[in-house]
1. From the list 202, 259, which residue is at pLDDT below 80, surrounded by fewer than 14 Cβ atoms within 10 Å (Cβ to Cβ) and not assigned by TED's automatic domain parsing to the domain that holds residue 127?
2. Consider the range 399-426. How many of its residues are surrounded by 21 or more Cβ atoms within 10 Å (Cβ to Cβ) and modelled with pLDDT under 85?
3. For residues in the range 379-398 being closer than 16 Å to residue 353 by Cβ and in contact with a helix residue (DSSP H, G or I) (Cβ under 9 Å, 6 or more places away or on another chain), which is surrounded by the most Cβ atoms within 10 Å (Cβ to Cβ)?
4. Quick check on residue 61: is it touching a strand residue (DSSP E or B) at 6+ places or on another chain (Cβ under 7 Å) and free of Cβ contacts under 8 Å to residues at least 60 places away in the same chain?
5. Keeping to the range 181-199, report how many residues are part of a helix (DSSP H, G or I) and either buried (at least 16 other Cβ atoms within 10 Å of the Cβ) or touching a strand residue (DSSP E or B) at 6+ places or on another chain (Cβ under 9 Å) (or both).
6. So residue 288 clears everything in (1) surrounded by fewer than 16 Cβ atoms within 10 Å (Cβ to Cβ); (2) modelled with pLDDT of 80 or more except one condition, right? Which one?
7. Test residue 367 against the criterion of being in contact with a strand residue (DSSP E or B) (Cβ under 8 Å, 6 or more places away or on another chain), in contact (Cβ under 8 Å) with a residue 24 or more places away in the chain and within 28 Å of residue 223 (Cβ to Cβ), and give yes or no.
8. Applying the selection to the range 339-358, what residues are assigned to a strand (DSSP E or B) and over 40 Å from the mean Cα position of the chain (by Cα)?
């Protein structure tokens, strides 16, 4: 933790011995001193420095302490600095004159060491409190109408301040949630990624250097999914163990990312296949050496290609329409059919087994298009990173031990991943750019798309090196909707 900066004291006295005496009395307090032998010199020093307190002698030749005090108070930049006037005068009239000039306190000569230290400590403590209050007022004024959410946590991670935007994002009630730790609220109402963010925060030396974490509220019947990016910010003045969190709603960015990449994968897989069939049939017709039977066969290929193309175009239009609705589900039976379709059409080994039975109509909270995009990414990564002569994928569908969720397990013969690659595999897309551009070896945007689709559905993702065979295992888990 950085040390608190030394408090600065400006001592103004025409007597060199008096200045050195005050400095000696306060030496053990570790203050920083500025020394001036006249009011004129003091005003010059205040043009360059802003001390925390001023000790000002009353009786000085030329410009008196009273006049110096008045000029300091007339300078808006330093007018709030506490001033303690030191005087040999103890009459009431002199004190009234000092108060009129703007003095905050008085000390009589000869100066008591204990009294001097006590007054300085009290003044500095009050001055610090005033600065903190001013800073807090400025902070609250600035963030009150911000489109970003701001939350201040105390040493127990309880919310001591939240602007209006943050309250709406977190769906918190000021009274009911005042005693609830922030991370309890986060885990209760959102999926938190990474899930162990509390221990990460607790063990961090500088929290502002941590990567942002994510809060995801999955889509429900009448609510769209919501994504909130949370980052630690500097709070300004030394606030002890208080922490400032900045919350940004990134839902639109995530949805745009999902739609763009899901749509691009639909186009590449749904349209190219029938187009290639039609193109191949057209090339065969142009050879002019086909028999009537051969031409009939080519015509049939074209018809099937056109029918498939028409079906896929309607499928894409249905996808665009379904994305306008906040809550889209798919039956577990349909997801099994999707996996089987890809497995059967794959030119490599792709097996599928279901270990458990599910009640008829059991669903998961993800659209068939989004689930298909996840499957395509899993297959593409298996092809891209496989070792050996051919690609091998083994898929398993089963219930979790508590039977409330379904697991889709995909094992492939990809090269095992390093610990760094495993920890970064599910990074959100704005943090995954380095992996895509090749700066750091990784899995690329594909796994980011899987993560955003699965987390939006209220599910979880897990990637690990296969415990038995050489390869990688991905597990996608979704809550079962009866």
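The values are calculated or read from the model by the stated rules, or taken from the named source; none is laboratory data. These figures come from a predicted structure and were not determined experimentally. FYI the Cβ positions are ideal-geometry reconstructions off the backbone, even for glycines, and counts take in every protein chain you see.
1. Numbers: 259 fails: surrounded by fewer than 14 Cβ atoms within 10 Å (Cβ to Cβ).
Answer to the selection: 202.
2. First, pick out the residues of the range 399-426 that are surrounded by 21 or more Cβ atoms within 10 Å (Cβ to Cβ): 406, 408, 410-414, 425-426.
Applying the additional criterion that residues be modelled with pLDDT under 85 yields 425-426.
The total comes to 2.
3. Going through the qualifying residues, I end up with 393.
4. Judged against the criteria, residue 61 is not a match.
5. So the first thing to find is which residues in the range 181-199 are part of a helix (DSSP H, G or I), and the list is 182-189, 197-199.
Now restrict to residues that are either buried (at least 16 other Cβ atoms within 10 Å of the Cβ) or touching a strand residue (DSSP E or B) at 6+ places or on another chain (Cβ under 9 Å) (or both): 182-183, 185-186, 189, 197-198.
Qualifying residue count, the range 181-199: 7.
6. The number of the failed condition is (2).
7. Yes; evaluated as a whole, the condition is true for this residue.
8. Passing the criteria: only 349.
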